[in-house]
Amino acid sequence: MEFKVKDISLADKGALLVDWASAHMPVLNQIKRRFEQEQPLKNVAIGACLHVTKETAVLVEALMTGGAKVALCGSNPLSTQDKVAAFLANNGVEVYAWRGENTEEYYWCVNKVIDNKPHITLDDGADLVGTIHKERTEMLTNVKGGTEETTTGVMRLRAMEKAGALKYPIIAVNDAYTKYLFDNRYGTGQSTIDGILRATNVLLAGKNLVVCGYGWCGRGLANRAKGMGAHVIVAEVNPVRALEAVMDGFEVKSMTEASAMGDIFVTLTGNTSVIRKEHMLKMKNNAILANSGHFNVEISLPDLKGISTLRRTLRPNLEEYSLQNGRKLYLLAEGRLINLSSAEGHPSEVMDMSFADQALCVEHLAKTGKMEPKVYSVPRKIDELVAKLKLKAIGIKIDEITEEQKEYTATWETGTV
Ligand SMILES: NC(=O)c1ccc[n+]([C@@H]2O[C@H](COP(=O)([O-])OP(=O)(O)OC[C@H]3O[C@@H](n4cnc5c(N)ncnc54)[C@H](O)[C@@H]3O)[C@@H](O)[C@H]2O)c1
């Protein structure tokens with residue numbers, strides 16, 4: 001079996017991390033136990049391009065327990081946990097991932113996963129699907145379907161669908177309630193702060209923290225940062241979301257205004273060049289820039305480099321840029337996903353739900369006959385099952401709707417009484 005990881009001797013240390021994650025992923029473990037009995041993925045080859053974290057290892061184990069053969073690469077050059085990659089390679093997974101891949105190495109890894117001839121693809125950012133559709137089209141007839149984990153990936157896939165370019169069906173796992181309401185909001189909210197603190201150890205209380213993008217991730221970050229005493233300023237382009245931020249109690253400003261106020265800036269938009277030269281030139285001395293959106297294009301690195309005279313790495317994930325105007329700006333984790341590059345990504349408890357959705361959607365794809373090449377929602381049944389299992393796992397009982405209530409909500413005749 002082939003693999004390429006940083007250091008295979010780290011496997012035992014990786015095993016301990018995976019045990020720790022697994023202990024906090026009861027829903028996925030319950031699915032794994034069923035998979036062991038039913039073998040729904042027998043003879044299914046899975047190609048996965050996901051952040052190689054301890055939680056991903058628990059997902060991969062569940063899929064293999066269900067009978068699948070799995071090949072895995074990272075979905076970001078800086079997010080691979082090398083100990084976990086070694087653990088997986090040691091356990092029969094074709095892993096091609098290490099922290100610090102350059103772009104050429106990154107796509108070499110993606111192509112190695114494609115060489116494994118996947119029947120089902122799992123993506124986080126659509127690089128695997130994109131590469132198959134652009135460069136490895138010979139594989140298109142082999143692939144039955146795929147899943148997509150994140151907002152940016154779903155945006156790219158919907159654009160492919162609209163252009164008539166999508167050649168196999170994809171389930172948008174990101175758009176399940178049990179995914180984005182928890183993973184994007186609470187997971188990104190907490191782990192983005194974790195990443196910023198591990199890179200800088202600055203005090204959040206009293207700081208002006210500018211949140212660019214008040215979507216699911218931005219809402220989560222804004223609320224958590226507020227809870228830690230930061231003064232949160234939101235920059236948005238969508239008027240409804242900007243209004244929501246106002247009524248949630250945040251100051252809302254244009255990027256131009258916010259640029260002169262922020263001590264810390266975080267982009268979570270899924271868009272490009274959100275922080276540009278004209279903003280950087282207005283920023284205070286010592287302002288910190290971080291990105292928690294999928295790609296490293298939200299903070300314009302060409303602009304930052306273009307206005308700088310000197311660049312120094314002060315500690316891991318913290319680079320100082322000296323500007324021509326005499327001020328200094330600090331860029332975290334090269335502008336890549338701060339929570340996965342400088343911390344460990346989302347807590348296992350939220351990945352329990354996201355990856356339960358993934359496992360059940362993979363099973364759904366494997367069991368369902370031919371599907372049209374479209375972007376599909378996660379089946380409602382799967383979403384509800386994951387929520388039910390999670391509530392049960394954390395010991396919470398809820399009421400059931402009564403027959404009378406079922407009838408009442410289905411009729412239109414009854415009004416004011
Ligand atoms: N860090 C992580 O682990 C993690 C987890 C989940 C999602 N993501 C990524 O985070 C990004 C955001 O995801 P989401 O689920 O919050 O998406 P979302 O669509 O809910 O929110 C994005 C928001 O950004 C706003 N926006 C777009 N362009 C903007 C601009 N130029 N200036 C200000 N605001 C702008 C949009 O109007 C929208 O409200 C995506 O790239 C997604 O893939 C990261």
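The values are calculated or read from the model by the stated rules, or taken from the named source; none is laboratory data. Only a predicted model underlies this, so the values are computations on that prediction, with no experimental measurement involved. Glycine also receives a Cβ, built like all others from the backbone with ideal geometry; neighbour counts cover every protein chain displayed. Each accessible area value is taken on the protein alone, full model and side chains, heavy atoms only, with ligands, DNA and RNA left out. Shrake-Rupley method; radii C 1.70, N 1.55, O 1.52, S 1.80 Å.
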Provide the convex hull volume over Cα atoms per residue for the range 321-417, in Å³. 326
How far apart, in nanometres, would the label points at Val202 and Lys162 be if each is projected 7 angstrom from Cα along the Cα-to-Cβ direction? 3.6
Phi-derived 3J(HN,Hα) across the range 156-172 with the Karplus relation (6.51, -1.76, 1.60, θ = phi - 60°), rounded Hz, x for Gly and Pro, is 5, 5, 5, 5, 5, 4, 4, 7, x, 9, 6, 10, 9, x, 10, 9, 7
Please report, as a whole percent, how much of the solvent-accessible surface of the range 294-417 comes from carbon and sulfur atoms (probe radius 1.4 Å). 53
Let me check against my output: what whole-number percent is the relative contact order of the range 248-311, with C-alpha pairs under 8 Å and at least 6 apart? 37
Relative packing of peptides 168-176, 61-69, 350-358 - highest average C-beta neighbours within 10 Å first: 350-358, 168-176, 61-69
Using amide H atoms built in the peptide plane, which far-off residues or other-chain residues are under 5 Å from Leu318 H to H? Ala333
Looking only at Cβ-Cβ distances, which cysteines of the chain have no other cysteine closer than 4.7 Å? Cys49, Cys212, Cys217, Cys361
So which of Lys367/Lys388; Lys42/Lys397; Lys253/Lys282 end up more than 26 Å apart, counting from Cα to Cα? Lys42/Lys397
May I ask you to list the aspartates and glutamates whose Cα is less than 19 Å away from that of Lys406, ignoring any residue fewer than eight positions away on the same chain? Glu384
Residues Arg380 and Glu404, FRET efficiency given R0 of 41 Å [Cβ-Cβ distance, rounded to 0.05]: 0.95
Can you list which of the GluC sites (Glu not before Pro) found in the range 66-149 are DSSP loop residues with at most 14 other C-beta atoms within 10 Å? Glu135
Can you list residues whose amide H is under 5 Å from Val44's amide H, if they're 5+ apart or on another chain and H is modeled 1.01 Å from N? Lys69
Mean separation of Cα pairs under 8 Å and 6+ residues apart, divided by the residue count of the chain: what relative contact order is that in percent? 17
If you roll a 1.4 Å probe over the heavy atoms of the protein chains, what accessible area per residue do you get for the chain, in Å²? 45
Carbon/sulfur fraction of accessible area - the range 66-132, other protein chains in place, 1.4 Å, %: 46
Please figure out what share of the DSSP beta bridges in the chain is antiparallel and state it in percent, rounded to the nearest 5. 20
Could you work out the pair-distance distribution P(r) of the chain from its alpha-carbon pairs, with 10 angstrom bin width and percents rounded to whole numbers? 5, 21, 30, 25, 14, 4, 1, 0
Note on the range 85-143: contact order normalised by length, alpha-carbon pairs under 8 Å, 6 or more apart, percent, works out to 26
How far apart, in nm, are two points set 7 Å out from the Cα along the Cα-to-Cβ line at Arg34 and at Val240? 3.3
Which of Ala11, Ala165, Ala225 fluctuates most in a GNM of the chain (C-alpha springs under 10 Å)? That residue is Ala165
